Amino acid sequence: MPAQLTPFEQDVLAQPAALSDLLSTGFVAGIDDLVSHRWGRVILTGMGSSHFAGIPTWHALTRSGIPCWLVDAGTLLETPDLVTPNTLVIATSQSGASGEVVEVMSRLRDEWADLIRILGITADENSPLAEIADLTVPLHSGPETTASTKSYLNTLAVHHRLVGGFQKTPGELLDGELATATKWVADAVGQRLAADIGSRMLGTWAPRLITVGRRDAAATALYAALIMKEAAKVPAEGFVGGQFRHGPIELAGWGMTAMLYGADSYADYVSLRRLADDLIAVGTSVILAGDLEVEGGRNLPTSRANDLASLMSGAVVAQHLAIEVAHANGVVPGAFVVGNKVTTTL
Ligand SMILES: N[C@@H]1[C@@H](O)[C@H](O)[C@@H](COP(=O)(O)O)O[C@@H]1O
């Protein structure tokens, strides 16, 4: 691996190996009991990118008829009454040490003891979350010092297995999908974007960056905006579905770059196409992560092999964009300056 690469860039390249590590381990013992039980409710929680990775899981479990909530751990701290006896709380935290996650899990454990179950998904099996949880699913993402890359993709993969467990999908099928997604990631991580893409995004008067995603790609849009801030030190706002039209669209026009995630031609994304058209019409630069062709837009390829590959490939596009914008902004991609990799302060 070339020495001049920053830790963030090295982590981007290390993602296929981290996914392969995960793939080579079976799912943890004890998970079958958890996913077979009839829960009164299931609550998915976490912070930052670990929270966003739960969005597709929330969609899938809800579609399966499981009463399921997706609530960030800070909000759950303020609304703990959402948790009642016979709740499964699924807490995802790469570090297992985010302040809100640890605090809310400790309080819930104190209040409900064994009337609830806590499933912890974390890269650190010695973390506070792992200590509190009834069962820990390891991410196998390895050490990560800057903004989330390997841990985000491995979290998507663990959640994919978890959803498969709830839906009684055969393990071989899940592993096959993960292997396919890993192969795509391996092909994609080394393919840098055109070097001028970042300078084009920043080289205008009052640059504004926004990301939009619908359905499962909402996770990618929020992740993309988060790592653009963390890795490139550029303000970027992420939107789920139609929210962008409800006010923020007033900022559209020259100087705005809109990155639309999950822009796939096979999906019935009439409204995403309409949004791209409307943005381009007023001079917004539009990047489509996917193969949905829109006149005046720029496509960046993603995989359509399966839903997991689609999510992972969109995230890799987001990482590459963050790297190019960081370079254009004259900062080291991914290096924390004010905040930290792990936020324990409440
Ligand atoms: N700066 C990091 C974010 O990058 C991360 O997404 C979030 C959740 O971290 P974890 O998954 O360790 O709980 O915490 C911190 O604030």
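Within segment 197-346, the proportion of Cα pairs with more than 28 Å between them is 15 percent.
Across 16, 138, 67, mean-square fluctuation computed from a Gaussian network of the chain (C-alpha pairs under 10 Å connected) peaks at 67. Neighbour counting of Cβ atoms within 10 Å sorts the residues 261, 269, fewest neighbours leading, into 269, 261.
Highest mobility in the GNM of the chain, judged by mean-square fluctuation with C-alpha springs under 10 Å and restricted to 114, 124, 277, is found for 114. With Rh defined as the Kirkwood radius, the inverse of the mean 1/r over Cα pairs, the Rg/Rh of segment 1-113 is 1.05. Given +1 at the Cβ of Lys and Arg, -1 at the Cβ of Asp and Glu and no other charges, the dipole of segment 7-188 around its Cα centre is 560 debye to the nearest 20.
Once R0 is set to 45 Å, what does the formula 1/(1 + (r/R0)^6) return for the Cβ-Cβ distance between residue 186 and residue 245, expressed as a FRET efficiency to the nearest 0.05?
Details: r = 37 Å, r/R0 = 0.82.
With a Förster radius of 45 Å, E is 0.75.
On the beta carbon distance between residue 37 and residue 78, with R0 = 25 Å, the FRET formula returns roughly 0.35.
Expressed as cubic angstrom per residue, what is the convex hull volume of the alpha carbon set of the chain?
Values: hull volume 45.8 nm³, N = 346.
About 132 Å³ per residue, rounded to a whole number.
Relative to the dominant Cα principal axis of the chain, helix 270-281 is inclined by about 30°. Rounded to whole numbers, the Karplus 3J(HN,Hα) couplings from phi for segment 65-70 are x, 8, x, 9, 10, 10 Hz, using 6.51 cos²θ - 1.76 cosθ + 1.60 with θ = phi - 60°, and x at Gly and Pro.
Arrange the following residues from fewest to most other Cβ atoms within 10 Å of their Cβ: 183, 150, 168. Walk me through the intermediate numbers first.
Working: 183 16, 150 27, 168 10.
Lowest count first: 168, 183, 150.
Report the gain in length on full extension from residue 145 to residue 331: 0.36 nm times residue separation, minus Cα-Cα distance, nm rounded to one decimal. Spell out each step's value before the answer.
Details: separation 186, 0.36 × 186 = 66.96 nm, distance 1.63 nm.
Residue separation times 0.36 nm, minus the Cα-Cα distance, leaves 65.3 nm.
At a Förster radius of 51 Å, what calculated FRET efficiency corresponds to the Cβ-Cβ distance of residue 63 and residue 206, to the nearest 0.05? Numbers along the way, then the final one.
On the way: r = 41 Å, r/R0 = 0.80.
So, using R0 = 51 Å, E works out to roughly 0.80.
Given the chain, what count of lysine pairs have C-alpha atoms under 30 Å apart, with each pair 8 or more places apart or on different chains? Close lysine pairs under the 30 Å cut-off: 10.
Distances between placed amide hydrogens fall under 5 Å for residue 239 paired with 211, 212, 213, all partners being 5 or more residues away or on another chain. With the convex hull drawn around the C-alpha atoms of segment 7-188, the volume per residue stands at 103 Å³.
Taken one residue at a time, the phi angles of segment 232-248 give Karplus couplings (6.51, -1.76, 1.60, θ = phi - 60°) of 10, 6, 10, x, 9, 10, x, 10, 9, x, x, 4, 4, 6, 8, x, x Hz. Gly and Pro are set to x.
Any read-out appearing in this document is the output of simple, stated calculations on the displayed coordinates, not a laboratory observation. Everything numeric here is computed off the predicted structure, so don't read it as measured data. Neighbour counts are summed over all protein chains in view; Cβ atoms, including those assigned to glycine, are modelled from backbone coordinates with ideal geometry.
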